[in-house]
Amino acid sequence: MTVRDVEGRRRAVIEGVEPQVDGGRYPAKRCLGDAVVVEADIFTDGHDLLAGVLLYKRADADSWMEEPMAALVNDRWRGQFVVDELGPWVFTVEAWVDAFKTWRRDMEKRIAAGQDASVDYLIGADLIDSAAGRASARDAQQLLDTAAVLRDTSRASEFQTIALDPRVTALMARYPDRSVCTRYERELRITVDPVRARFSAWYEFFPRSTSPVPGRHGTFRDAETWLPYVAQMGFDVLYLPPIHPIGLTFRKGKNNSVKAEAGDVGSPWAIGASAGGHKSIHPDLGTPEEFRSFVGKAREHGIQIALDIAFQAAPDHPYVKEHPQWFRSRPDGTIQYAENPPKKYQDIYPFDFETEDWEAMWRELTSVFLHWIEQGVEIFRVDNPHTKAFPFWEWAIAAVKRRHPQVLFLSEAFTRPKVMYRLGKLGFSQSYTYFPWRHTKQEITDYFTELTQTGVREFFRPNHWPNTPDILTEFLQTSERPGFMLRFLLASLLGANYGIYGPTFEQMVNAPLRHGSEEYLDSEKYQIHHWDLQKPDSLAEFIALVNRIRRENAALQNDHSLRFHNVSNDQLLCFSKQSPDGSNLVLVVINLDPHHTHTGFVELPAAEFGIEDTRAYQMHDLLTGARYIWHGSRNFVEVNPLSVPAQVFRVLRRMRTEQQFEYFL
């Protein structure tokens, strides 16, 4: 590099720009309407003052918009912009030495010291003249007039007033000299998703189990009759396991038996038969027209349908005959089935992502998403994405979202953390988590702090499920009603996104296939169930209450404000969330022991919450309706799990008089 390669007058330095993921390799995530807060280290040599702006635009826009950045402390600066359209955005930062701002600061000091500043006023006049050349006609004349006054010694009595006039300062800030500004070395990306990517409640059921007649295969018309039930509980996403034809070859029987009996319906994840593959519907569920009707009826109830996409094929799948090169062959000429030795899954063939025909396979698999989008589906739960090639997901998700930026993808990858996080970086909108296996106070605190208070939160949106068709944890197996309630409360209140697999969850089904297994006995993955949605001991009413609390309190609709608080009992977990504007504050105390009452003292950051130590304030328990008067930062709590295993407080402050209370709203 030679001197000619450098613009040596660019003295501003820009470092540490946030948010950025892996040096800008991947986009950070935000939702429609979010304020994107950008921070950067901006500094220079010497003592000159700086100015900085945040530049931003939609990725496909021609021109930049900008917002000023403000200095915080220790050379850290901050600015923000609002993303008001879905899709990809970009931003960067510019900074420059601000000669006028520096001049004005120094003039304040000279005037205060009573120094002769006659020459310095002329320097200011030159700076103002220069700005006039960059200004609009009206502002230019005002600036020229101001500079003329500073050169007119007969008006010296006005010099100090003009030099310190905030109106002049504001006018000069409008037309800075950015001819040698520094621009950050890269444009950083933001993916903007619908708000449902940040705040959603998912419910899963098998449509083939929705028939009112025991033993009969359910249809989409039957599933429509369940929509009011799902809506009344407050769910806004209804997730369906695969709805495609199911293979006959090596079909699994009840309880994952390797031999199916007559009438066994098989696993929906063994996709493909003579009736079609990933773009087809199981004939017993109904027709494409009936599916589209189901999607439309769900939308009328405020529910979006999420569809499972599992990129694997049953031996009977048309792909196997039409594109055998997309699967791995064994030395004996047979196709390699899925296995995790010693387990074998002969009813499933995995795709070979090292096939020489990978480009055609990528295009076909991506077209599966596009097909279902045409049928009205805009949310996809992707099965085991960690067993498919990373480059495929980055390409496929980007290809879909270029055409349909409203589409969301949920990653079902219960695997190593770095793999889960990589999938989030590659474009998955939400991700399953390790929540089902985090039970102790320390485990929960450490894990959720990692998800919400570190750089992980820029690209990984957690979606917490206490159970799935594959996961019946030992905790739920040994729990009764209080255990199911507390795990539901943890999932739905710690996380803005959560889901349950029902009706197993609200009906507290907890019989395992065998001791030590997380599989359900008589799992719906392999057989049809008949459900009574009106069971008197169901948790449906409790679930509806919690979902209503979530909708009515903006504090519970984000993850980033989550804070844990000390409580003097390891069986009591205390945390809070606030709305972005601080107007809504919710405090939760949960008893992690489903069998015994526990008590303790909660310690709150009273000043941070706007609570005076000398004043009383009211805590309104949204689960029971009870109200309590608390004082200061340390207060007593008692939680009986046999009643309700948690207290969910909306914090109320005492205002104006001792008798009057007002919400944080």
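Quick grid of which residues meet (1) among the hydroxyl-bearing types (Ser, Thr, Tyr); (2) touching a residue at least 12 places away in the same chain (Cβ under 8 Å):
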site: ARG363; (1), (2): no, no
site: THR366; (1), (2): yes, yes
site: PHE369; (1), (2): no, yes
site: VAL377; (1), (2): no, yes
site: PRO391; (1), (2): no, no
site: ALA399; (1), (2): no, yes
site: LYS425; (1), (2): no, yes
site: SER429; (1), (2): yes, yes
site: THR449; (1), (2): yes, yes
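The residues in segment 616-650 that are of a type outside the set (Gly, Ala, Ser), surrounded by 14 or more Cβ atoms within 10 Å (Cβ to Cβ) and in a loop (DSSP other than H, G, I, E, B) can be counted, and the count is 5.
Here LYS254 passes the criteria (1) over 22 Å from LEU521 (Cβ atoms); (2) at pLDDT 95 or above; (3) surrounded by fewer than 17 Cβ atoms within 10 Å (Cβ to Cβ) except the one numbered (1).
One residue stands out among those in segment 290-342 that are assigned to a loop (DSSP other than H, G, I, E, B) and of a type in the set (Ser, Thr, Tyr): the one that is least open to solvent (accessible area, probe 1.4 Å), which is TYR337.
In this structure, is THR153 more than 51 Å from the chain's Cα centre (by Cα) and crowded, with 16+ Cβ neighbours inside 10 Å?
no
Only one of the numbered conditions (1) open to solvent by 10 Å² or more (accessible area, probe 1.4 Å); (2) under 26 Å from the mean Cα position of the chain (by Cα); (3) under 16 Å from ARG11 (Cα atoms); (4) among the aliphatic types (A, V, I, L, M) is not met by VAL82, and that is (3).
Residues checked against (1) without any contact (Cβ under 8 Å) to a residue 60 or more places away in the chain; (2) not polar (S, T, N, Q):
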{"residue": "LEU572", "(1), (2)": "no, yes"}
{"residue": "GLN578", "(1), (2)": "yes, no"}
{"residue": "VAL586", "(1), (2)": "no, yes"}
{"residue": "LEU592", "(1), (2)": "no, yes"}
{"residue": "HIS598", "(1), (2)": "yes, yes"}
{"residue": "PHE601", "(1), (2)": "yes, yes"}
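Looking at ASP446 and the list (1) more than 19 Å from PRO512 (Cβ to Cβ); (2) buried (at least 23 other Cβ atoms within 10 Å of the Cβ), which single condition is not satisfied? It fails just one condition, (2). Here ARG196, ARG174, ARG189 are screened, and the one residue that is charged (D, E, K, R), in contact with a strand residue (DSSP E or B) (Cβ under 7 Å, 6 or more places away or on another chain) and surrounded by fewer than 20 Cβ atoms within 10 Å (Cβ to Cβ) is ARG189.
When HIS404 is tested against the conditions (1) farther than 26 Å from VAL83 by Cα; (2) at pLDDT 95 or above, the lone failure is (1).
Conditions (1) surrounded by 17 or more Cβ atoms within 10 Å (Cβ to Cβ); (2) over 22 Å from TRP465 (Cβ atoms); (3) at pLDDT 95 or above, marked per residue:
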{"position": "ALA511", "(1), (2), (3)": "no, no, yes"}
{"position": "ARG551", "(1), (2), (3)": "no, no, yes"}
{"position": "HIS560", "(1), (2), (3)": "no, no, yes"}
{"position": "PHE564", "(1), (2), (3)": "yes, no, yes"}
{"position": "ASP570", "(1), (2), (3)": "no, yes, yes"}
{"position": "GLN578", "(1), (2), (3)": "yes, yes, yes"}
{"position": "VAL602", "(1), (2), (3)": "yes, yes, yes"}
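State whether the residues of segment 527-545 include one that is open to solvent by less than 10 Å² (accessible area, probe 1.4 Å) and either touching a Cys at 6+ places or on another chain (Cβ under 7 Å) or hydrophobic (A, V, I, L, M, F, W, C) (or both). Within segment 527-545, one or more residues are open to solvent by less than 10 Å² (accessible area, probe 1.4 Å) and either touching a Cys at 6+ places or on another chain (Cβ under 7 Å) or hydrophobic (A, V, I, L, M, F, W, C) (or both). Each residue in segment 47-79 was checked for being under 20 Å from TRP103 (Cα atoms), loosely packed, with under 15 Cβ neighbours inside 10 Å and over 29 Å from the mean Cα position of the chain (by Cα), and 1 of them qualify. Go through the residues of segment 317-330 one by one and say whether even a single one is more than 29 Å from ALA201 (Cβ to Cβ) and of a type in the set (A, V, I, L, M). Yes, because at least one residue in segment 317-330 is more than 29 Å from ALA201 (Cβ to Cβ) and of a type in the set (A, V, I, L, M). Specify the residue that is farthest from ARG198 (Cα to Cα); the eligible residues are those in segment 233-250 that are in contact with a helix residue (DSSP H, G or I) (Cβ under 6 Å, 6 or more places away or on another chain) and either open to solvent by 10 Å² or more (accessible area, probe 1.4 Å) or assigned to a loop (DSSP other than H, G, I, E, B) (or both). Ranking the qualifying residues of segment 233-250, first place goes to MET233.
Given the criteria under 30 Å from ILE190 (Cα atoms), buried (at least 19 other Cβ atoms within 10 Å of the Cβ) and at pLDDT 95 or above, does ALA131 qualify? No: the conditions fail for ALA131.
Every residue, every condition in (1) of a type in the set (Gly, Ala, Ser); (2) part of a loop (DSSP other than H, G, I, E, B); (3) under 18 Å from the mean Cα position of the chain (by Cα), yes or no:
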| position | (1), (2), (3) |
| --- | --- |
| ARG487 | no, no, no |
| ILE500 | no, no, yes |
| GLU506 | no, yes, no |
| TYR526 | no, yes, no |
| ALA544 | yes, no, no |
| ARG550 | no, no, yes |
| ALA555 | yes, no, yes |
| HIS560 | no, yes, yes |
| PHE564 | no, no, no |
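LYS29 meets all of the listed conditions (1) basic (Lys, Arg); (2) buried (at least 18 other Cβ atoms within 10 Å of the Cβ); (3) part of a loop (DSSP other than H, G, I, E, B) but one, namely (3). Scanning segment 195-237 for residues being more than 19 Å from the chain's Cα centre (by Cα) and either of a type in the set (Gly, Ala, Ser) or modelled with pLDDT under 95 (or both) gives a total of 7.
Looking at ALA40, ALA95, ALA125, just one residue is in contact with a Cys (Cβ under 7 Å, 6 or more places away or on another chain), at negative phi, in contact (Cβ under 8 Å) with a residue 12 or more places away in the chain and surrounded by 14 or more Cβ atoms within 10 Å (Cβ to Cβ), and that residue is ALA95. Pairs under 7 Å by beta carbon, first residue touching a residue at least 60 places away in the same chain (Cβ under 8 Å) in segment 474-489, partner of a type in the set (Gly, Ala, Ser) and not in a helix (DSSP H, G or I), six or more apart or different chains? Note: pairs meeting the criteria are LEU486/ALA646; LEU489/ALA646.
Does VAL192 satisfy the criteria of being of a type in the set (Val, Ile, Thr), at pLDDT 95 or above and not in a loop (DSSP other than H, G, I, E, B)? Yes; evaluated as a whole, the condition is true for this residue.
The values are calculated or read from the model by the stated rules, or taken from the named source; none is laboratory data. Treat the numbers as computed from the prediction; the structure is a model and nothing was measured. Positions of Cβ are generated from backbone atoms using ideal geometry, with glycine treated the same way; all protein chains shown enter the neighbour counts. Keep in mind that these areas ignore ligands, DNA and RNA; they rest on the heavy atoms of the full protein, side chains included. Shrake-Rupley method; radii C 1.70, N 1.55, O 1.52, S 1.80 Å.
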